[in-house]
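**Student:** Below is the structure I would like to discuss, written out as structure tokens.
Just so you know, all these numbers are worked out from the coordinates, no wet-lab data involved. Worth saying up front: this structure is predicted, and the values here are computed from it rather than measured. Methodologically, a virtual Cβ is constructed for each residue, glycine included, from the backbone with ideal geometry; neighbour enumeration extends over all protein chains shown.
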Amino acid sequence: MGGDDFFRTRMGARFFEVTVPKIADQLERLAKAFEAYVAELRRANDRAQPTQGESAARAALGDARSTTTLATIAREHLSVETLEESALEKFDFYKVSVPSIRAALQAAYQAGIAAGLRQLNVEQP
């Protein structure tokens, strides 16, 4: 008996008559549950969407926070007093050590994580 004769065995008949229909039923149940889950996620997302004014206010607050944070990191780790461009190009370039750059990048990374966590806490319904 070749591999294509499985359906003729008692085990094959049980597989096709009992197991396959059960699998199909479970897949249908999972698909319905998944559709309901996606619909609920969409409803939750629609409820959490800020108004246009709220979005602008959050963006402005985020820009101000990030500018302040970056200026603080530059001052503390790179000895750069301001992030504003000067009129003279020679004042816009600094000699900075690799350890200072590493420390500044680590501080910026940590600040980014903190900002992300703040945003999650604010945007949760």
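**Student:** What's the ranking of 72-78, 107-113, 6-12 by average number of surrounding C-beta atoms within 10 Å, highest first?
**Tutor:** 72-78, 107-113, 6-12
**Student:** So, one more: Residues with beta-carbon under 13 Å from that of residue 112, excluding residue 112: net charge, scoring Lys, Arg +1 and Asp, Glu -1?
**Tutor:** +2
**Student:** Quick one: the Cα spread of the stretch 1-49 along its three principal axes, in angstroms, biggest first?
**Tutor:** 63, 17, 7
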